[in-house]
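Bear in mind these aren't lab numbers, they're just calculated from the coordinates by the rules spelled out. Note that the structure is predicted; figures quoted are calculated from it, not measured. For neighbour counting, all protein chains shown are included, and Cβ atoms are generated from backbone atoms with ideal geometry for every residue, glycine included.
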Amino acid sequence: MEIRSDDGAWLRLRPTGYQGPPPETPDDDDWLFVAAEVRTAGGRAWSWRQPCMTTEEAVDLAGWLRRQGVADFGDRAAWHAVEPNLSFQSLVTGVGRVELTAVFSYESLPPWIERPPLAQVYPVPLRVSAAQVLTAADQWERAVRAYPRRDPG
């Protein structure tokens, strides 16, 4: 998926494959590698690839994005995975307008950020239309269909 902010910031996010073999038991999570390319409004850019969400979380992200695209003015919401590398926050700022903030931490921090302390995060606000959020939800949903949860091996 790709989300481009009015101020020049953007985020490209895509699943790139499973981490390891299928889960051994039905209770085990099935992890996905996710690749990201990020550019801030100030023009700084970086990329990363990490096993940062499960197949279930990837599906959930599509639904969460879709809900943000139709939320009411003033609504706030957050999405996070078990692994804290990537999370999202949203605020509906006006009719058809959403501020979607991608929050990066741990291995997904930009290279110019010092790693310690562990609580370090780097937010990138994306000021977009609700229609863009819905398009991103559709793009993400199509991309994650290639990686359904695998049956335990």
Check your understanding: Which residues make up the longest stretch of the chain clear of GluC sites (Glu not before Pro) that lie in a DSSP loop with no more than 15 other Cβ atoms within 10 Å, not counting the sites?
Key -> 25-113
Study note, to complete from the structure: Measuring from the longest principal axis of the C-alpha atoms of the chain, the long axis of helix 55-69 (C-alpha) lies at a number of degrees, nearest 10, equal to 20 degrees
Check your understanding: For VAL95, VAL103, VAL82, what's the fewest-to-most ordering of other Cβ within 10 Å of each Cβ?
Key -> VAL95, VAL82, VAL103
Review point. For helix 130-144, what angle does its Cα long axis make with the longest principal axis of the chain, in degrees from 0 to 90 and rounded to 10?
Key: 10 degrees
Exercise for review: Place a label point 7 angstrom from the Cα of TYR106 along the Cα-to-Cβ direction, then list the residues of the stretch 76-93 whose backbone nitrogen is under 12 Å away.
Suggested key: 81-87
Practice item. Set the Förster radius R0 to 25 Å, insert the Cβ-Cβ distance between ASP6 and ALA77 as r into 1/(1 + (r/R0)^6), and round the FRET efficiency to 0.05. Key: 0.80
Exercise for review: Rank these for me by crowding, ARG150, ARG127, going from fewest to most other beta carbons within 10 Å.
Suggested key: ARG150, ARG127
